[in-house]
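Structure first, commentary second.
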Amino acid sequence: MKILVAVKRVIDYNVKIRVKPDHSDVDLTNVKMAMNPFCEIAVEEAVRLKEKGVATEVVAVTVGPKAAQEQLRTALALGADRAIHVESDERVESLGAAKALAKLVEEEQPGLVILGKQAIDTDNNQTGQMLAALTGLPQGTFASEVAVDGDKVQVTREIDGGLQTVELSLPAIVTTDLRLNEPRYAKLPDIMKAKKKPLDVKSPADLGVEMATRTKLLKVEPPAERQGGIKVGSVDELVDKLKNEAKVIS
Amino acid sequence: MSAQELFPNLFSPFRIGPCTIPNRIVFTGHDTCLPEDGIVNDALVAYLEKRARHGTGLIVLQVSGVHESARYTSHLLMANDDACIPGYRRLAEACGQHGSVLFAQLFHPGREIMESSDGLRPVAYSASGVPQERFGVMPRGLSRAGIHEIVESFAAAARRMCLAGIQGVEILASHGYLPAQFLNPQVNRRDDEYGGSFANRVRFLEEVLDAIRREVGDRMAVGLRLSCDERDEQGMGQDIAIETLRHLESRLDYASVVAGTSATLGGSVHIVPPMSYESAYLSKESHSLRSDLSLPLILTGRINQPHEAEEVIRSGAADLCGMTRALICDPAMPAKARRNDADGIRACIGCNQACIGHFHRGIPISCIQYPESGRELLYDDLGRAEISRRVAVIGGGPAGMKAAMVAAARGHEVTLFEAGRRLGGQANQAQLLPGRSEFGGLITNLMEELKRAEVEVATQRHVTPQALVAEGFERVIVATGARPYTPPLELLGELPVSQAVALLDGASLPGGHVVIYDTQGDWVGVGVAELLAREGARVTLAVNGLHPGESLQSYVRDSTVARLHDLGVRVMTYARVFGADDDSVYFYHTGGAEPMVVEGVDHLVLSCGGEPVVSPEDEDRWATLPVTLVGDCLAPRTAEEAVYDGLKAAMAI
Ligand SMILES: Cc1cc2nc3c(=O)[nH]c(=O)nc-3n(C[C@H](O)[C@H](O)[C@H](O)COP(=O)(O)O)c2cc1C
Ligand code: SF4
């Protein structure tokens, strides 16, 4: 079975996000970039399935700028066998990414597609679901456990208030949640070997997909500074402040 | 020719205050780390007595702290208690018996505090609370009572020196020490009578000099050591130096001219200028000072040889010459010059390794070429062996040359076998690096000593200890050195990899983007980086240590690192090499194991030290033979250990 894993280049989660002075976007100049943590979990899961003998090939894919090849190399160092880069310098929306991935699913015919449940830059939580809709494949989102059994996969999903297990027939789409696994670190021998693994570059035009965005970014605001707390003297005072100052109860 | 004809100026007497100095050669003040507990000991007496015995005209003693707050290291001499007097008297007598004149340096470092005996940071005092960059010290501005106390402590220390029979005192106002901190408007931010105008900033020194004169009158020479230029953005320029000397001239018997400041890395290079500075490099500044003043001047700084000193005096740049490392390296230099044996002088090569390098590590002074230096109590005289033996030395690097020369000087019949065409070992490569040509002086000096000791030298001879013993040699010293070490490397491609020392042997130099991997922090890594950058390569220097040139003496290191910076060499620190493919080199960060990859590389050069050519198996094979291993073939280290190994092995025969 072949597994297709989608990865995204985002700001490293250790780095504080800064907004451009004109609020037009997040400031990316000289910021350390990395693979989206949920995508790391997706790669890890695919590689583990290959190590268990369930999968025979892991193909990593990204849609994004030239520099996103760094993240493909990371995926290769983590154990993916080859990589496909759909190069686009435009801002990539969930739908554009899903369309490109859908074409690749058609070309590659994977048994399983694993994606992160969302990317920590825009937190959209859409691409996996859109891909399922475009390809008509069954989806198991927010996975905390994935068990392939013959032509079926059981996916344990993290849902509000508990866990839900669904069984999908393969081929299927899975998106990863935080507790699915703990991704490994890329080691130097693997980083070196990753450079020799094949990396194909395609344009959206090669795939016949339109990357034009359908949403417009109007404004980016940093989160408001938190106000310092106060100590109240009595329950009455608390109720009063909640009513009249915070206006959260009436 | 007589000394009078050869060096008419150098060997003419000179008057400073009440003293007549027999010649113009000065052993300027330098901390030896020989004293323990702040008082004069046998080692220091023996060290200075030796220089006096061989004809040094004026000896200026290492700094003596005048006040408890003057302890800038844990091993300086202290003159803040009458108990110090007998020790200084011993020195005055030891030097005086040979006709040398002895002065003492009176010292307060102000904010220049390097370390302390208990490792804690002492309270540092200065003119004002302006931070010191090199040691990261934030000093406390002195109160007026504090200033008065320190002024009086200078006077009291001068009185003690006078009682001890020392003939002069020299106030250390050079190198950014306390008096210089008062003079420097960037450090002195006071708004009382000690700060602001020049007249106020020089007041501290005026008071010090007046208090000293009050105590000692004209019975002692009183001098001032001053940097003619502190050679740093944060330091003082020549204008303040001239103004200061003009202003204080009437209170002084002489001035001692140097450059630099202890306060910054760049400024401190001039405290002991390394071999990249030319001989007597401050002559011009000194010349212009001298034309402005009628004060006798001592000039110091890379004056290495008697003919250089003769020229400084003849040209009128100074009246006397500090020749400090020249005398650390060869205590008999004045006597040799006087008897017209300049070729016999072991010239200092300005490597800084064992003199100021030892000082910074808190260990007693020595010299890489002359390990007997600072060890006078052990090796004042090499002595004669009781039985003369046939001794073979295998390997003509510094260890083997020193061993052969010392063994021969002790009366043995010595043959030195060298497999290559010429003697010198790795010093041959060291001298090919930019600014290091003087390192070859190590070979020249040792060859001269071999010749004089009548060692038979056989080059291009491959010999074994077994064969030599069979031939009748009674002792064999093996000094065959090391071969370059290659660390484990994962190679997954065609990137060319070379050994740094091999490049120096005349192979064509790599161009393009060259990565140099250096685990040693010695002269090879930084030297090859500079060489290749000058030849037009784009160089990345990846060092295993915390910074480039980590094991070099700091003045050598910092002047070199500054040149690498100018040449655009990129530096990576904390790097441990893992491997290379066609065009990238892969490293781990030694602090956290995070991978670091350098891409677009054309060549990898290794500078990872050596491994001994003599194996433990060889040692077992020679177990029954009278064999001693010395130098790198025993354990790869530096030239200093090699030469000292050679000395010790030869002394044991
Ligand atoms: C080990 C060492 C310690 C030194 N300590 C002092 C010192 O205590 N006081 C001082 O004025 N200069 C000190 N110096 C500087 C020397 O007096 C002299 O100016 C310097 O070595 C340059 O002269 P040269 O080129 O003749 O060696 C020291 C030099 C050395 C090598
Ligand atoms: S160690 Fe080097 S610099 Fe110091 S005195 Fe010896 S040769 Fe000169």
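Each value in this text was obtained by applying a stated rule to the coordinates, not by laboratory testing. Here the structure is a predicted model, which means the values were calculated and not measured. Neighbour counts are summed over all protein chains in view; Cβ atoms, including those assigned to glycine, are modelled from backbone coordinates with ideal geometry.
Compare the peptides B:357-367, A:10-20 by average per-residue count of other Cβ atoms within 10 angstrom and give them in order, highest first.
Result, highest mean Cβ count within 10 Å first: B:357-367, A:10-20.
How would B:Thr20, B:Thr73, B:Thr624, A:Thr62 line up from fewest to most surrounding beta-carbon atoms within 10 angstrom?
Exposure proxy ranking, most exposed first: B:Thr624, B:Thr20, B:Thr73, A:Thr62.
Given R₀ = 35 Å, what would the calculated FRET efficiency be for B:Leu293 paired with B:Asp191, taking r from the Cβ atoms and rounding to 0.05?
E between B:Leu293 and B:Asp191, to the nearest 0.05, is 0.70.
Around B:Ser12, which amide H atoms from residues at least 5 apart in sequence, or from another chain, sit under 5 Å from its own amide H, with H modelled in the peptide plane?
B:Arg24
With a sphere of radius 14 Å drawn around the Cβ of B:Asp381, what net charge do the other residues whose Cβ falls strictly inside it have (Lys, Arg +1; Asp, Glu -1)?
Local net charge: +1.
Could you run the Karplus curve 6.51 cos²θ - 1.76 cosθ + 1.60 with θ = phi - 60° over segment B:568-581 and give me ³J(HN,Hα) per residue in whole Hz, x for Gly and Pro?
Result, ordered by residue: x, 6, 8, 10, 10, 10, 6, 9, 10, 5, 10, x, 8, 10 Hz.
Report the full-extension gain for the segment B:Ala593 to B:Ala635: residue separation times 0.36 nm, less the Cα-Cα distance, to one decimal in nm.
Here the answer is 12.2 nm.
With n ≥ 4 as the cut-off for DSSP H runs, can you work out [θ] at 222 nm for the protein assembly as shown, using -39500 (n - 2.57) per run divided by the number of residues, rounded to the nearest 500?
Calculated at 222 nm, the ellipticity per residue is -9000 deg cm²/dmol.
For the protein assembly as shown, I need the span (max minus min coordinate) of the C-alpha atoms along each principal axis, in Å, sorted largest to smallest.
Cα spread of the protein assembly as shown along its principal axes, largest to smallest: 106, 88, 47 Å.
For A:Thr141, list long-range residues whose amide hydrogen, built 1.01 Å from N in the peptide plane, is under 5 Å from its own amide hydrogen.
Under 5 Å from the amide H of A:Thr141: A:Thr175.
Roughly what would the spin-label model give for B:Leu6 and B:Glu471, points 7 Å off Cα along C-beta, in nm?
My value for the distance between the label points is 3.6 nm.
With θ set to phi - 60°, apply the Karplus curve 6.51 cos²θ - 1.76 cosθ + 1.60 along segment A:168-174 and write out the HN-Hα couplings as whole Hz, x wherever there is a Gly or Pro.
So the J values, rounded to whole Hz, are 10, 8, 7, x, 8, 10, 10.
Starting at the first residue of segment B:18-23, write each ³J(HN,Hα) from the Karplus equation 6.51 cos²θ - 1.76 cosθ + 1.60 with θ = phi - 60°, in whole Hz, x for Gly and Pro.
Using θ = phi - 60°, the values come out as x, 10, 9, 8, x, 8 Hz.
In terms of modelled amide H atoms, which long-range or inter-chain residues lie less than 5 Å from the amide H of B:Val457?
It is B:Leu416, by chain and number.
Return an integer: the convex hull volume of the alpha-carbon atoms of segment A:179-223, in Å³ per residue.
Normalising the Cα hull of segment A:179-223 by residue number yields 240 Å³.
Say the cut-off is 20 Å between C-alpha atoms; which of A:Lys8/A:Lys66; A:Lys52/A:Lys202; A:Lys2/A:Lys52 go over it?
Where the Cα-Cα span goes over 20 Å, the pairs concerned are A:Lys52/A:Lys202.
Applying 1/(1 + (r/R0)^6) with R0 = 35 Å to the Cβ-Cβ distance of B:Arg461 and B:Leu377, what FRET efficiency is obtained, to the nearest 0.05?
0.40
Full-extension gain between B:Arg570 and B:Ala342, please, as 0.36 nm times their residue separation minus the C-alpha to C-alpha distance.
Gain in length upon complete extension: 77.7 nm.
Per residue of A:184-195, how many C-beta atoms from partner chains lie within 10 Å of its own C-beta, taken as a mean?
The mean count of partner-chain Cβ atoms within 10 Å per residue comes to 5.
List B:Arg410, B:Arg421 from most exposed to least, where exposure is judged by having the fewest other Cβ atoms within 10 Å.
The order, fewest Cβ neighbours first, is B:Arg421, B:Arg410.
B:Lys50: which lysines have alpha carbons under 20 Å from its alpha carbon, excluding same-chain residues fewer than 8 sequence positions away?
B:Lys50 reaches B:Lys336.
So how much slack lies between B:His547 and B:Phe135, counting 0.36 nm per residue of separation and subtracting their Cα-Cα distance, in nm?
Net length gain for the segment: 146.7 nm.
Report the label-to-label distance for B:Asp218 and A:Lys187 in nanometres (one decimal), using points 7 Å from each Cα along the Cα→Cβ vector.
Here the modelled spin labels are 8.4 nm apart.
Using only alpha carbon pairs under 8 Å that are at least six residues apart, calculate the relative contact order of chain B and give it in whole percent.
11 percent
Listing B:Met236, B:Met1, B:Met161, B:Met405 from the residue with the fewest other Cβ atoms within 10 Å to the one with the most, what is the order?
Fewest-to-most Cβ neighbours within 10 Å comes out as B:Met1, B:Met236, B:Met405, B:Met161.
Note down the net charge around B:His98, summing +1 for each Lys or Arg and -1 for each Asp or Glu among other residues with Cβ under 12 Å from its Cβ.
+1
Near A:Gln139, within a Cβ-to-Cβ distance under 12 Å, what is the net charge of the other residues, with Lys and Arg +1 and Asp and Glu -1?
Its environment carries a net charge of +2.
What value does segment B:311-411 have for Rg/Rh, both radii from Cα atoms and Rh as Kirkwood defines it?
1.04
Could you compute the FRET efficiency for A:Asp149 and A:Glu107, with r as their C-beta to C-beta distance and R0 at 22 Å, rounded to 0.05?
Working from the Cβ atoms, E equals 0.25.
Hey, for a label at B:Ala83 modelled as a point 7 Å past Cα toward Cβ, could you say which residues of segment B:13-43 have their backbone N under 16 Å away?
Answer for this model: B:36-41.
Of all GluC sites (Glu not before Pro) in segment B:258-350, which ones are in loop regions per DSSP and have a Cβ with at most 15 other Cβ atoms within 10 Å?
When the GluC sites (Glu not before Pro) of segment B:258-350 are filtered for loop state and at most 15 Cβ neighbours within 10 Å, B:Glu278 remain.
I need the chymotrypsin sites (Phe, Trp or Tyr not before Pro) found in segment B:245-307, filtered to DSSP loop residues with at most 15 other beta carbons within 10 Å of theirs.
Listed in order of number, the matching sites are B:Tyr281.
So what's the angle, to the nearest 10 degrees on a 0 to 90 scale, between helix B:398-409 and the longest Cα principal axis of chain B?
So the helix axis and the longest Cα principal axis differ by about 80 degrees.
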